[in-house]
1. Working only within the stretch 91-130, note down all residues that are of a type in the set (Gly, Ala, Ser) and surrounded by 13 or more Cβ atoms within 10 Å (Cβ to Cβ).
2. Give the number of residues within the stretch 115-170 that are farther than 19 Å from ASN35 by Cβ and among the aromatic types (Phe, Trp, Tyr).
3. Taking the stated definitions as given, is ASN91 within 30 Å of ARG163 (Cβ to Cβ), of a type in the set (S, T, N, Q) and modelled with pLDDT under 80?
4. Out of all the residues in the stretch 28-49, is one or more under 13 Å from the mean Cα position of the chain (by Cα) and assigned to a loop (DSSP other than H, G, I, E, B)?
5. So if I check each of SER32, SER41, which one is among the hydroxyl-bearing types (Ser, Thr, Tyr) and surrounded by fewer than 18 Cβ atoms within 10 Å (Cβ to Cβ)?
6. Quick one: would you say ASN142 is free of Cβ contacts under 8 Å to residues at least 24 places away in the same chain and surrounded by 15 or more Cβ atoms within 10 Å (Cβ to Cβ)?
7. Failed condition for ASP88, given (1) touching a residue at least 40 places away in the same chain (Cβ under 8 Å); (2) surrounded by fewer than 15 Cβ atoms within 10 Å (Cβ to Cβ), with all others met?
Amino acid sequence: MNKKAVIWIVVAAMVLGCFAWVKNVYNQIVVSEENVEASWSQVENVYQRRADLIPNLVATVKGYAAHESETLESVVAARAKATQVTVDPTNLSPESLAQYNAAQGELSNALGRLLLIQENYPDLKANQNFLDLQAQLEGTENRISTERMKFNQSVNYYNQGIRRFPDNIIASIFGFEKKGYFEAQAGAETAPQVQF
């Protein structure tokens with residue numbers, strides 16, 4: 001074999017090797033990004049489940065505590081606001097997640113006030129429909145926590161993948177950007193004060 005043929009073979013092998021590496025890194029990042037988007041969809045799914053339970057809970061409480069209209073209205077308004085705030089799964093920036101989290105936090109606070117009403121109404125406290133809805137809501141809150149944790153894990157894996165060298169070169173060439181995490185709301189580090 002002459003020298004030119006050897007050089008062409010070496011160059012072709014290097015080009016094919018580079019192509020294979022770029023293809024593999026790109027595909028790994030795409031799979032990781034799809035996992036983030038699937039995790040986000042599941043987070044939205046459990047938040048939607050909670051939003052779907054609220055009208056039934058409000059209707060049940062309304063039957064027993066009609067003069068608690070301010071609390072009931074705040075729950076309905078918070079639900080409406082929370083369902084209006086959406087996040088594009090392809091743009092999971094920290095800012096958009098913070099806005100989404102704030103709207104969901106307002107709804108959680110309103111629900112907390114609604115559930116405290118039961119203390120003033122023994123009949124409501126004993127209502128089986130209310131107790132079932134309360135248990136479903138509690139289960140949904142646990143699901144939300146679990147799905148948020150899974151989402152943060154998939155974002156962590158994705159963010160690590162696009163920041164690792166030399167994969168970060170491919171990520172920047174193709175425009176993959178860091179995704180945001182769900183973070184605790186301001187004041188979450190302070191335990192609530194309970195007074196008797």
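1. The initial filter retains those residues of the stretch 91-130 that are of a type in the set (Gly, Ala, Ser), namely 93, 96, 98, 102-103, 105, 108, 110, 112, 126.
Matches in the stretch 91-130: SER93, SER96, ALA98, ALA102, ALA103, GLY105, SER108, ALA110.
2. Residues meeting the conditions: 3.
3. Details: within 30 Å of ARG163 (Cβ to Cβ): yes; of a type in the set (S, T, N, Q): yes; modelled with pLDDT under 80: yes.
In short, yes.
4. The initial filter retains those residues of the stretch 28-49 that are under 13 Å from the mean Cα position of the chain (by Cα), namely 35-48.
Still in the running and assigned to a loop (DSSP other than H, G, I, E, B): none.
No, the stretch 28-49 contains no residue that is under 13 Å from the mean Cα position of the chain (by Cα) and assigned to a loop (DSSP other than H, G, I, E, B).
5. On the way: SER32 fails: surrounded by fewer than 18 Cβ atoms within 10 Å (Cβ to Cβ).
Going through SER32, SER41 in turn, just one is among the hydroxyl-bearing types (Ser, Thr, Tyr) and surrounded by fewer than 18 Cβ atoms within 10 Å (Cβ to Cβ): SER41.
6. On the way: free of Cβ contacts under 8 Å to residues at least 24 places away in the same chain: yes; surrounded by 15 or more Cβ atoms within 10 Å (Cβ to Cβ): no.
Criteria not met by ASN142.
7. (1)
The values are calculated or read from the model by the stated rules, or taken from the named source; none is laboratory data. What you see is a predicted model, and the numbers here were worked out from it, not measured in a lab. No Cβ is skipped: glycine too gets one built from the backbone with ideal geometry, and neighbour counts run over all protein chains shown.
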